[in-house]
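The values are calculated or read from the model by the stated rules, or taken from the named source; none is laboratory data. In this text the structure is predicted, and so the values were computed from the model without any measurement. Here the Cβ is made from the backbone with ideal geometry for all residues, glycine too, and neighbour counts use every protein chain on show. For the accessible areas, the whole protein counts, side chains as well, though only heavy atoms, and no ligand, DNA or RNA atoms are used. Shrake-Rupley method; radii C 1.70, N 1.55, O 1.52, S 1.80 Å.
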Amino acid sequence: MMETRQLDLVDYLAGMSAPPAAAPQENPLDLLPRRPKAWERLIAHVPAEDVRISLSTTWTRVVVEQLRENGRGDLLFATGKIRSDDVPPDLIWPEPCRLILMTAASAARIHERWCLEEAPGTGLTNTFRFARQQHADRAAVSQQLRALAQEQS
């Protein structure tokens, strides 16, 4: 005669493997460099989709960011100074945006945590934006960032 054992509900639940918790999606803006408080207040309204990351082999590191909107251009200098100017309507960058200038190595560190993609139609080469999905395909941009890092070194 076979004896049937009744499993206790607590034992049963304890034996179940829990599905892995989905990692919370980061806010891509949290990956960007911290800036002086006055600049942070100025750019606080800019959503991630309006951020552009520009890499140049000739970047002088004098200006580190630009905010372009409503016919104005605000510049953040490496010293922390902010300068505001009127921007001509035929400027190469017609869309409102926060343009961040950085090295390829810095951009690569961001790209490891949130996929970057080329920003089309900017008129500037080597300009990227946050991909809509944090974990999109990174291969092409990773290769591009490695090549730019070689040029910048």
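Read through the list (1) at pLDDT 90 or above; (2) surrounded by fewer than 14 Cβ atoms within 10 Å (Cβ to Cβ); (3) not hydroxyl-bearing (Ser, Thr, Tyr), then give the number of the only condition that ALA108 fails. Result: ALA108 fails condition (2) only.
Restricting to region 49-76, what's the tally of residues that are open to solvent by less than 20 Å² (accessible area, probe 1.4 Å) and outside any strand (DSSP E or B)? Of the residues in that region, 1 qualify.
Conditions (1) closer than 13 Å to ILE110 by Cα; (2) without any contact (Cβ under 8 Å) to a residue 24 or more places away in the chain, marked per residue:
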site	(1), (2)
GLU26	yes, no
LEU31	yes, no
ARG34	no, yes
GLU40	no, yes
ILE43	no, no
THR60	no, yes
ASP74	no, no
PHE77	no, yes
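Note on region 111-136: among residues that are at pLDDT 90 or above and of a type in the set (Lys, Arg), the one that is farthest from ASP50 (Cα to Cα) is ARG113.
Please tell me if VAL46 is modelled with pLDDT of 90 or more, among the aliphatic types (A, V, I, L, M), in a loop (DSSP other than H, G, I, E, B) and within 26 Å of GLU118 (Cβ to Cβ). Yes.
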